[in-house]
1. Along region 82-87, what does the Karplus equation 6.51 cos²θ - 1.76 cosθ + 1.60 (θ = phi - 60°) give for ³J(HN,Hα), rounded to whole Hz, x for Gly and Pro?
2. Label residue 67 and residue 35 with points 7 Å out from Cα along Cα→Cβ: what is the distance between them in nm?
3. Per DSSP H run of at least 4 residues, take -39500 (n - 2.57); add these up for the chain, divide by its residues and hand me the 222 nm value, nearest 500 deg cm²/dmol.
4. Take the chain, mark every one of the trypsin sites (Lys or Arg not before Pro) that falls in a DSSP loop and has at most 13 other Cβ within 10 Å, then report the longest stretch left between them, sites excluded.
5. Please state the charge dipole magnitude for the chain, taken about the Cα centre, from unit charges on C-beta atoms (+1 on K and R, -1 on D and E), reported in debye and rounded to the nearest 20.
6. To test your reading of the geometry: what angle, between 0 and 90 degrees and rounded to tens, separates the Cα axis of helix 97-128 from the longest principal axis of the chain?
7. With θ set to phi - 60°, apply the Karplus curve 6.51 cos²θ - 1.76 cosθ + 1.60 along region 52-64 and write out the HN-Hα couplings as whole Hz, x wherever there is a Gly or Pro.
8. Would you mind giving the three semi-axes, in whole Å and largest first, of the ellipsoid equivalent to region 46-161 according to its Cα gyration tensor?
Amino acid sequence: MATYNEQLQAIFNRYTEEVSPDPVSLDEVAAWAIERGLYRPAPRDVVKICRDALADSLRQERRIDAAGRKYRAKHSVRTRIGDQQFSLWSDIDTAPRSFMEKSFGQRRKSIADDCFQIKQDVDHFNDEHLTDEPINMILDFTDDVAEMEAVARRDLDDEDAA
């Protein structure tokens, strides 16, 4: 039996085979799948729905510190308790250092995982399109971060001048 993710992937693949292989909005694929009875959501626990909504909301909460930096207020740490995985949440201004170190480390690992996967994808694409100019992917973000900091400082200076 296919996993839930495999079933969803099969829906997308069927759409691209039956409708169009062109880039498409997932709203369009979802409407197509529901219309054909290919997707029937399982009943969800109200607590899980609320938990997911809370997590989405907490990820978006920002504050501005005395130096004018906009920072994320709430952070999480994935942890195992027994055989279950949980996300524990805390406020950056009151969380213990050990919690924040683990949270930052997990976020950094997630970024590294994304960089590894995009490198795999780009390398595959380039290998499959040998007659095209290869796509180059720079994975050093030092300049990007410095540029964002400069823009943030400029915006802060503009606000102070106004």
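Coordinate-derived values only; no laboratory data. Predicted model, so just to flag it, every value in this text is computed and none were measured. Note: ideal-geometry Cβ built from the backbone for every residue, glycine included; neighbour counts use all protein chains shown.
1. Result, rounded to whole Hz: x, 9, 10, 9, 10, 10.
2. Here the answer is 5.3 nm between the modelled labels.
3. On the way: 5 runs with 92 residues, N = 162.
Value at 222 nm, helices only, nearest 500: -19500 deg cm²/dmol.
4. Details: sites that count: 36, 44, 69.
The answer is 70-162.
5. Magnitude of the dipole: close to 1340 debye.
6. Taking the Cα atoms of the chain, the angle to 97-128 is about 40 degrees.
7. Residue by residue, region 52-64 yields 5, 5, 4, 4, 4, 5, 5, 4, 8, 6, 10, 10, 10 Hz.
8. Working: eigenvalues 197, 139, 35 Å².
They are 31, 26, 13 Å, listed from largest to smallest.
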